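Have a look at the structure below before the remarks.
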Amino acid sequence: NGGLVVTNSEFVGNDCELDDCLGGGIYSNSLVQITGTTLISGNLALGDGGGVYTFAALELTGTTLRGNSAGNNGGGAWANGNITAVASQVISNVTVVRGGGLYAVGAVSLQASAVLSNSAAFDGGGIAAQSDLLFTDSTLSGNASATLGGGAWINGAVSLMGGQVNQNQSQGSAGGIAGESNGSVQGTTFALNNAVGSGGALSFNGTAVITSAVFLDNQAGSHGGGLAADSAVISGTTFTGNQAGDTGGGVSVALALDLTNSEFAENQAGFSGGGARGAAVTVHDTIFTENSCQGSPCVGGALASSSSLLVRRSSFAGNNSTGIAGAIYIVGPADIAQTRFIQNEASISGGATYHDILGMASYENVLFDSNEAAISGAGIYLNNNAVTTLNHVDLVTRLARTGEAIWINNGTLNMLNSIVAYHHIGIQNKDVASVMDSVFYGNDIHSVGITLGPSNHWLNPRFVAPGAGDYRISPGSVVIDNAQLTAVTVDIDGKPRPFGEAADIGAIESPYIQDQLSVQVSMAPAGSLLPGQPVTYTIIFGNSGEVP
């Protein structure tokens, strides 16, 4: 019953075949420490702990557990306390219940270790722990489970730092790791994990905090191709090529989703949120590129929000939906600023954004460039039964003259200081709309269902190269210094406005042209001066122009 220390030993091919027999290779009632180049391989226990069983803690250093099997929990090892593994390998172990590789009644800590190709007929193909998981610079790969957590099932909190979680599979949820509580991830790569249910790589019944991670080509049959959680805070992370059969190709959360400085590319969902889906969604400095929602019906090629939405300094380009909302599907209040929507597409309505059911919305310093909808609302589709305000917004195409920039089906539009150019129809109004101090140019029809008032302009905004997507303003444009004064103090790129006598109409503020600087010098009194007579020189610097 004292502690057991094993060093540089081998335990190979031992069997414990009595019913519920414990510990095929090693059995102990107290702390077990296994060090050196110890090999524990090919052992069998019909109960717990195919390779090792201890009724206390287990510490592995430089140890290999390979090809062991258990009739209950812990194919490689079972511990009634914590399991710590340093520079160790847990490979190709099998269990009938939980923890194909390792099972701990306490917590599991891995450091520079590998858990590979283990399997469980219930939860936790590689690891099962009734408490927490601490994973540092380790590898969890090729494991499989029949229910939860192909790589690991953790009944407590999960903390991952570095390392990789790759090619794990679950016939239930969480191809990589299933956490029954909160989880934190920093710098870990998740690739090619697969779950029949939710969470292709990760699933947490709590809050996930993800920093500087990579999610690549993971799949879930239901929600969250990369990550499924109650809520998530994600920063500096990339989601690429992940797929979900239902919601959130990259990420799906039930409650709050906070995205900062991250990137979603080529993810796909079958019902909503090709890139990500959440309820209360906040997005800062994040890029969504070529994500898609491919089901029928489908909503939100890039992002779907079911409660509220705030977006700042972000970009949505080349996303598509086979239903509505090529980029963003929104239910509830929305606040979008300093953001670009470029060449997004919907097979029905709302090429870029679709506001549904309820919720006031605000767009400020936003560019809509060449978005398309097969039926209605190439840029914005309003069906929210509330007020939507556009201030300093550009709704333009690259001279295509297609679609409607804005389609108002149910709701009220208040638009000012904006530019609508090169669409088939500028505004299609079936409810209430007010437009002031805006520019309409190059549309086949500027508006339907609304009379544009005299404060608006119909002159060429003089974009630098609209056919090439360059919507900066050339000198002499009607938009320069013509905006109505509002509380907006920057443009889409964060440049100060006004930059001149007044702000410019549209999303982009034009700075001064350097080659139109002028200098005037005068002297008083003029002419010849007497010796010792005071003289005053006046120098006036001027700038009469603007720069694209």
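The values are calculated or read from the model by the stated rules, or taken from the named source; none is laboratory data. All values reported here derive from a predicted model rather than from experimental measurement. Note: ideal-geometry Cβ built from the backbone for every residue, glycine included; neighbour counts use all protein chains shown.
Rundown of residues vs (1) modelled with pLDDT of 95 or more; (2) more than 29 Å from the chain's Cα centre (by Cα); (3) surrounded by fewer than 24 Cβ atoms within 10 Å (Cβ to Cβ); (4) over 20 Å from Ala213 (Cα atoms), yes/no style:
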residue	(1), (2), (3), (4)
Tyr103	yes, yes, no, yes
Ser117	yes, yes, yes, yes
Ile127	yes, no, no, yes
Leu133	yes, no, no, no
Ser141	yes, no, yes, no
Ser145	yes, no, no, yes
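Within the range 43-54, the set of residues being crowded, with 20+ Cβ neighbours inside 10 Å and either in contact (Cβ under 8 Å) with a residue 60 or more places away in the chain or part of a loop (DSSP other than H, G, I, E, B) (or both) comprises Asn43, Gly47, Asp48, Gly49, Gly50, Gly51.
Going by what's in this entry, would Thr61 be described as within 18 Å of Ser109 (Cα to Cα), at pLDDT 95 or above and buried (at least 18 other Cβ atoms within 10 Å of the Cβ)? Against the criterion (within 18 Å of Ser109 (Cα to Cα), at pLDDT 95 or above and buried (at least 18 other Cβ atoms within 10 Å of the Cβ)), Thr61 does not qualify.
Just one of the listed residues (Asn391, Asn365, Asn385, Asn344) is at pLDDT below 95 and either under 22 Å from the mean Cα position of the chain (by Cα) or among the polar types (S, T, N, Q) (or both), and it is Asn385. Any idea which of Gly75, Gly50, Gly71 is within 39 Å of the chain's Cα centre (by Cα), of a type outside the set (Asp, Glu) and within 24 Å of Asn155 (Cα to Cα)? Every option except Gly75 fails the conditions. Of the residues making up the range 378-393, those that are farther than 10 Å from Glu404 by Cα and not in a strand (DSSP E or B) number 3.
Each row is one residue, and each column tells you yes or no for (1) among the hydroxyl-bearing types (Ser, Thr, Tyr); (2) without any contact (Cβ under 8 Å) to a residue 60 or more places away in the chain; (3) within 24 Å of Ser131 (Cα to Cα).
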position	(1), (2), (3)
Asn14	no, yes, no
Ile34	no, yes, yes
Leu39	no, yes, no
Leu58	no, yes, yes
Ala79	no, yes, yes
Ser88	yes, yes, yes
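The set of residues in the range 410-431 that are touching a residue at least 40 places away in the same chain (Cβ under 8 Å) and closer than 16 Å to Ala334 by Cβ contains only Gly411. Against the list (1) among the hydrophobic types (A, V, I, L, M, F, W, C); (2) touching a residue at least 40 places away in the same chain (Cβ under 8 Å); (3) assigned to a loop (DSSP other than H, G, I, E, B), the condition Leu18 fails is (2). When the test is whether a residue is crowded, with 23+ Cβ neighbours inside 10 Å, of a type in the set (Ser, Thr, Tyr) and on the phi < 0 side of the Ramachandran plot, Thr397 passes it. When Ser434 is tested against (1) within 21 Å of Asn365 (Cβ to Cβ); (2) without any contact (Cβ under 8 Å) to a residue 40 or more places away in the chain; (3) in a loop (DSSP other than H, G, I, E, B), exactly one condition is not met: (3).
Of all residues in the range 485-505, those satisfying the criterion of being of a type outside the set (Lys, Arg) and buried (at least 17 other Cβ atoms within 10 Å of the Cβ) are Val488, Asp491, Ile492, Phe499, Ala503, Asp504, Ile505. Yes or no: Val488 part of a loop (DSSP other than H, G, I, E, B), in contact with a Gly (Cβ under 9 Å, 6 or more places away or on another chain) and at pLDDT 95 or above? Considered against the rule, which asks whether it is part of a loop (DSSP other than H, G, I, E, B), in contact with a Gly (Cβ under 9 Å, 6 or more places away or on another chain) and at pLDDT 95 or above, Val488 comes out as no.
Quick check: anything in the range 425-448 basic (Lys, Arg) and in contact with a Pro (Cβ under 8 Å, 6 or more places away or on another chain)? There is no residue in the range 425-448 that is basic (Lys, Arg) and in contact with a Pro (Cβ under 8 Å, 6 or more places away or on another chain). Residues that are outside any strand (DSSP E or B) and of a type in the set (A, V, I, L, M) were ranked within the range 239-276; the one that is surrounded by the fewest Cβ atoms within 10 Å (Cβ to Cβ) is Leu255.
Residue-by-condition table, conditions (1) small (Gly, Ala, Ser); (2) over 17 Å from Ala195 (Cβ atoms); (3) in contact with an Asp or Glu (Cβ under 7 Å, 6 or more places away or on another chain):
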residue: Ala213; (1), (2), (3): yes, yes, no
residue: Ser231; (1), (2), (3): yes, yes, no
residue: Gly250; (1), (2), (3): yes, no, no
residue: Glu263; (1), (2), (3): no, yes, no
residue: Glu266; (1), (2), (3): no, yes, yes
residue: Thr282; (1), (2), (3): no, yes, yes
residue: Phe288; (1), (2), (3): no, yes, no
residue: Pro297; (1), (2), (3): no, yes, no
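Ile450 falls short on exactly one of the conditions (1) under 23 Å from Tyr354 (Cβ atoms); (2) part of a strand (DSSP E or B); (3) not polar (S, T, N, Q), and that condition is (2). When Met436 is tested against (1) modelled with pLDDT under 95; (2) closer than 19 Å to Ile408 by Cβ, just one condition goes unmet, and that condition is (1). Quick check, is Val12 aliphatic (A, V, I, L, M), at pLDDT 95 or above, closer than 25 Å to Ser141 by Cα and more than 46 Å from the chain's Cα centre (by Cα)? Yes, satisfied.
Of these, Leu452, Leu459, Leu413, which one is over 25 Å from Ile342 (Cα atoms) and of a type outside the set (Phe, Trp, Tyr)? Sole residue among the options that is over 25 Å from Ile342 (Cα atoms) and of a type outside the set (Phe, Trp, Tyr): Leu452. When the range 85-101 is filtered for residues that are more than 14 Å from Glu59 (Cα to Cα), buried (at least 24 other Cβ atoms within 10 Å of the Cβ) and not polar (S, T, N, Q), the ones remaining, listed by number, are Arg98, Gly99, Gly100, Gly101. Kindly check whether there is at least one residue in the range 474-484 that is in a strand (DSSP E or B) and surrounded by 14 or more Cβ atoms within 10 Å (Cβ to Cβ). Looking for residues that are in a strand (DSSP E or B) and surrounded by 14 or more Cβ atoms within 10 Å (Cβ to Cβ), one finds none in the range 474-484, hence no.
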